[in-house]
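The values are calculated or read from the model by the stated rules, or taken from the named source; none is laboratory data. Predicted model, so just to flag it, every value in this text is computed and none were measured. Here the Cβ positions follow ideal geometry from the backbone for every residue, glycine too, while neighbour counts run over all protein chains shown.
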2 protein chains.
Amino acid sequence: MFYRCRCPAHSQCVLCDLQNMGARNVCLMTDRTLSQLPPVGVVLDSLTKHGVKYKIYEDVRVEPTDKSFKAAIDFAKQGHFDVYVAVGGGSVIDTCKAANLYASHPEAEFLDFVNAPIGKGKPITATLKPLIAVPTTAGTGSETTGVAIFDFENLKAKTGIANRALKPTLGMVDPLHTLHMPSRVAANSGFDVLCHALESFTALPYNLRSPCPSNPINRPAYQGSNPISDVWARHALKIVAKYLKRAVRDAGDVEARSSMHLASVFAGIGFGNAGVHLCHGMSYPIAGNVKTHRAKGYNVEHPIVPHGLSVVLTSPAVFAFTANMCPERHLEAAQILGTDVSSIKKDDAGRVLADTLRSFLYDLEVEDGLSSVGYTKEDIPSLVKGTIPQERVTKLSPRAHTEEDLTALFAASMKLY
Amino acid sequence: MFYRCRCPAHSQCVLCDLQNMGARNVCLMTDRTLSQLPPVGVVLDSLTKHGVKYKIYEDVRVEPTDKSFKAAIDFAKQGHFDVYVAVGGGSVIDTCKAANLYASHPEAEFLDFVNAPIGKGKPITATLKPLIAVPTTAGTGSETTGVAIFDFENLKAKTGIANRALKPTLGMVDPLHTLHMPSRVAANSGFDVLCHALESFTALPYNLRSPCPSNPINRPAYQGSNPISDVWARHALKIVAKYLKRAVRDAGDVEARSSMHLASVFAGIGFGNAGVHLCHGMSYPIAGNVKTHRAKGYNVEHPIVPHGLSVVLTSPAVFAFTANMCPERHLEAAQILGTDVSSIKKDDAGRVLADTLRSFLYDLEVEDGLSSVGYTKEDIPSLVKGTIPQERVTKLSPRAHTEEDLTALFAASMKLY
């Protein structure tokens with residue numbers, strides 16, 4: 001269950017849930033910015049008031065790395081916790097998933113569960129402790145998925161751990177928790193929702209994915225687009241079209257921020273079983289190779305290209321490239337985003353969706369392409385190299401692609417407008 | 001997971017799943033009509049070919065009773081099965097859920113788990129055996145829910161067992177399994193989908209339900225309409241509007257029958273957490289008090305009002321009654337079903353949706369009201385009396401109602417056209 005009503009005393013709800021889970025020793029994970037804000041405050045007050053033993057870990061790194069994951073894992077191993085609560089955006093929830101996983105498998109090496117080919121992709125055999133995810137951004141959908149993403153610093157590429165066992169036990173989706181998001185955080189996390197919806201909607205259909213596993217137990221978490229993920233993708237896209245600009249421009253627009261918070265959940269349920277493809281696959285080296293870019297609205301000491309931004313910057317080029325494989329879906333997406341497609345020919349679907357996205361991003365004052373976050377043409381080979389290991393997602397692209405195609409996609413994304 | 005791809009050798013899939021569940025002694029439940037048809041045949045062939053031990057129970061009653069549930073339960077208790085497979089419509093799947101439940105609780109009295117106030121509504125403490133549901137009608141959504149409905153013969157009213165523990169482990173949604181449905185079975189089961197969608201879409205909103213339980217663990221299975229159930233209800237309704245007539249008129253229209261099969265799943269996920277209200281609450285005595293009505297297309301020896309028919313006959317009266325509580329939703333439903341509502345005032349929402357439904361049902365050659373299935377005005381007191389114990393669902397009506405209101409609703413449903 002990933003949706004629940006907000007009872008009047010919403011801070012109490014976590015307590016009830018913790019007690020129902022038999023919690024005696026709680027690990028609360030968050031980051032240093034959030035630890036000063038109400039979403040964490042209400043949980044702490046509630047735990048303290050009712051005498052529930054807990055420890056707080058506030059050293060989660062925004063855009064986590066293998067090193068920051070390992071630090072959180074060490075904390076979890078030493079704490080012998082019986083329930084985890086993650087209050088934050090995708091970075092916090094993903095870090096908490098990893099901490100819970102490795103604390104439940106104390107004998108495992110770090111690479112054991114990391115996705116192949118970078119890691120060993122071993123099956124998870126232990127039962128993890130319950131994890132309550134309280135998202136404070138409207139983007140990641142991490143509260144709905146079995147995925148934890150991190151930046152593998154040696155390789156300068158993002159990778160992750162993907163397994164249903166990582167899915168949070170409960171997601172507490174309270175729109176009031178997102179009112180604290182700075183404008184650019186709301187924008188960038190909204191772009192993640194946009195791309196989750198667009199990529200899962202255009203992903204290779206489930207019945208064209210190959211090889212078909214000989215036993216259903218071997219089916220991957222990301223199964224390709226299917227009738228259920230389509231429902232979520234379309235619905236999330238409609239909410240993004242209607243509310244994202246309002247949510248970015250006015251932090252006090254509760255209707256818009258609430259709607260985007262739900263859109264994040266909905267897109268999460270969709271891509272969590274359909275998968276994403278090229279925008280996400282190419283985003284990992286864009287984030288991982290960051291040199292000096294500082295992101296507005298992010299209170300961090302290191303250079304970052306925020307995840308949602310790293311994903312959306314290639315979206316016009318990507319959908320222009322994939323459109324011919326399923327032009328109707330690309331046109332439908334353009335229509336949902338506000339373009340009149342009634343007289344557009346199928347052959348023009350890619351151009352039209354790309355133009356629609358450029359216009360949408362321009363309105364939201366998005367940086368003008370990869371060049372504006374510090375990349376030049378000379379960086380393209382390393383960006384391509386960092387995309388190759390992301391086969392887990394890129395193989396869900398509806399159109400097969402070569403290294404030359406990836407090179408062209410990065411080149412076409414240097415400037416957007 | 002309630003959706004899965006159909007691999008080319010679809011009969012093999014059940015086998016793989018059974019083997020993954022460690023099945024050594026399988027209970028296959030179905031009814032006497034289906035036992036002669038391909039959906040059962042492919043499962044049996046596969047079990048036989050691979051030497052998996054099984055027993056078949058084909059005495060499921062269409063529109064089951066407490067007596068027929070108990071017979072299936074006895075069979076299950078004696079068989080000591082480790083996995084259940086239900087191949088059939090809602091009657092089969094519901095019977096199999098009950099058999100699995102009581103075989104897992106051999107010490108329990110039959111009334112222990114039946115919904116209060118008729119039964120004791122006790123919590124389910126044992127872990128049930130895995131159950132694979134293979135629906136062969138497109139209506140019940142039973143493969144997605146934790147509900148099992150039966151006719152309590154002494155009381156002449158339907159009641160049931162509702163608990164998340166009853167949810168099937170896996171639903172095998174193969175549209176080819178519905179091609180065998182006779183036309184009237186396709187129509188009646190489609191009406192069940194229609195009402196699942198309409199009732200859950202107009203149910204009391206989750207945040208207006210009272211009393212709000214002090215602990216989330218005490219929340220009922222039926223929580224009222226909410227942003228997630230709304231997505232499913234709207235989507236299912238759109239499919240019904242587009243495909244139900246085609247699916248009824250041409251059993252060979254694979255696109256229409258496939259779409260209705262998915263609509264059944266989607267509406268099931270929606271009402272399975274939002275709930276249904278008056279049409280379903282009033283349907284139970286309509287079905288339970290049946291005297292002599294024989295339903296076309298049903299190969300049974302006893303009089304029945306098929307469930308979907310018993311539900312839909314009151315729908316024009318019900319939605320005319322509830323519309324004032326949420327006229328926008330009633331108008332949106334009328335619009336999805338094909339009526340131009342652009343110039344309709346909110347005050348007319350009930351009349352317009354009722355007229356839309358009457359026209360829809362007329363096109364589908366539905367019997368002309370309760371009078372055409374054997375009821376007269378003299379029966380109304382007993383129909384009202386049989387509705388009172390259905391509080392579990394009727395309390396989700398957006399509009400509070402008295403016995404006089406119920407009397408008026410039954411009276412208004414005697415004739416439709």
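Against the conditions (1) of a type in the set (G, A, S); (2) within 22 Å of A:V366 (Cβ to Cβ); (3) touching a residue at least 60 places away in the same chain (Cβ under 8 Å); (4) assigned to a helix (DSSP H, G or I), A:A251 satisfies every one except (4).
Note on the stretch A:207-263: among residues that are crowded, with 22+ Cβ neighbours inside 10 Å and out of contact with any helix residue (DSSP H, G or I) (no Cβ under 6 Å at 6 or more places or on another chain), the one that is modelled with the lowest pLDDT is A:Y222.
Tally up the residues in the stretch B:402-413 that are surrounded by fewer than 19 Cβ atoms within 10 Å (Cβ to Cβ) and not in a helix (DSSP H, G or I), please. Counting residues in the stretch B:402-413 that are surrounded by fewer than 19 Cβ atoms within 10 Å (Cβ to Cβ) and not in a helix (DSSP H, G or I) gives 1.
Of these, B:A157, B:A203, which one is aliphatic (A, V, I, L, M) and not assigned by TED's automatic domain parsing to the domain that holds B:K67?
Working: B:A157 fails: not assigned by TED's automatic domain parsing to the domain that holds B:K67.
Criteria check complete, one pass: B:A203.
Residue-wise test of (1) modelled with pLDDT of 95 or more; (2) more than 18 Å from the chain's Cα centre (by Cα).
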{"position": "B:C96", "(1), (2)": "yes, no"}
{"position": "B:I124", "(1), (2)": "no, yes"}
{"position": "B:L131", "(1), (2)": "yes, no"}
{"position": "B:T136", "(1), (2)": "no, no"}
{"position": "B:F152", "(1), (2)": "no, no"}
{"position": "B:K156", "(1), (2)": "no, yes"}
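Scanning the stretch B:173-191 for any residue that is farther than 24 Å from B:F319 by Cα, within 14 Å of chain A (Cβ to nearest Cβ) and not in a helix (DSSP H, G or I) turns up at least one such residue. Can we say A:V248 is under 30 Å from A:N154 (Cα atoms) and away from chain B (no Cβ under 13 Å)? Judged against the criteria, A:V248 is not a match. Is it the case that the stretch A:276-286 has a residue that's touching a His at 6+ places or on another chain (Cβ under 6 Å) and among the aromatic types (F, W, Y)? No, that holds for no residue. Residues that are more than 24 Å from B:T407 (Cβ to Cβ) and under 20 Å from the mean Cα position of the chain (by Cα) are absent from the stretch B:309-326. If the condition is being within 18 Å of A:V134 (Cα to Cα) and crowded, with 24+ Cβ neighbours inside 10 Å, then the stretch A:176-191 contributes A:H177, A:T178, A:M181, A:V185, A:A186, A:S189, A:G190. The number of residues in the stretch A:119-142 being farther than 24 Å from A:Q78 by Cα and either in contact with a Leu (Cβ under 7 Å, 6 or more places away or on another chain) or surrounded by 24 or more Cβ atoms within 10 Å (Cβ to Cβ) (or both) comes to 10.
Applying the criterion of being in contact with a Phe, Trp or Tyr (Cβ under 7 Å, 6 or more places away or on another chain) and of a type in the set (S, T, Y) to the residues of the stretch B:29-65, the residue that is farthest from B:Y284 (Cα to Cα) is B:Y57.
Okay, residues lined up against (1) of a type in the set (D, E); (2) in contact with a Cys (Cβ under 9 Å, 6 or more places away or on another chain); (3) surrounded by fewer than 19 Cβ atoms within 10 Å (Cβ to Cβ); (4) not assigned by TED's automatic domain parsing to the domain that holds B:L128:
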position: B:A23; (1), (2), (3), (4): no, no, no, no
position: B:M29; (1), (2), (3), (4): no, yes, no, no
position: B:L47; (1), (2), (3), (4): no, no, no, no
position: B:D59; (1), (2), (3), (4): yes, no, yes, no
position: B:A72; (1), (2), (3), (4): no, yes, no, no
position: B:Q78; (1), (2), (3), (4): no, no, yes, no
position: B:G88; (1), (2), (3), (4): no, yes, no, no
position: B:H105; (1), (2), (3), (4): no, no, yes, no
position: B:P117; (1), (2), (3), (4): no, no, yes, no
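Here the strands (runs of 3 or more DSSP E) wholly within the stretch B:16-132 that include at least 1 residues being in contact with a Gly (Cβ under 7 Å, 6 or more places away or on another chain), touching a residue at least 24 places away in the same chain (Cβ under 8 Å) and more than 14 Å from chain A (Cβ to nearest Cβ) are B:26-29, B:54-57. Residue selection: A:L194 fails the criterion of being touching a helix residue (DSSP H, G or I) at 6+ places or on another chain (Cβ under 9 Å) and surrounded by fewer than 21 Cβ atoms within 10 Å (Cβ to Cβ). Residues in the stretch A:198-234 that are part of a loop (DSSP other than H, G, I, E, B), facing chain B (nearest Cβ under 9 Å) and in contact (Cβ under 8 Å) with a residue 60 or more places away in the chain: 2 in all.
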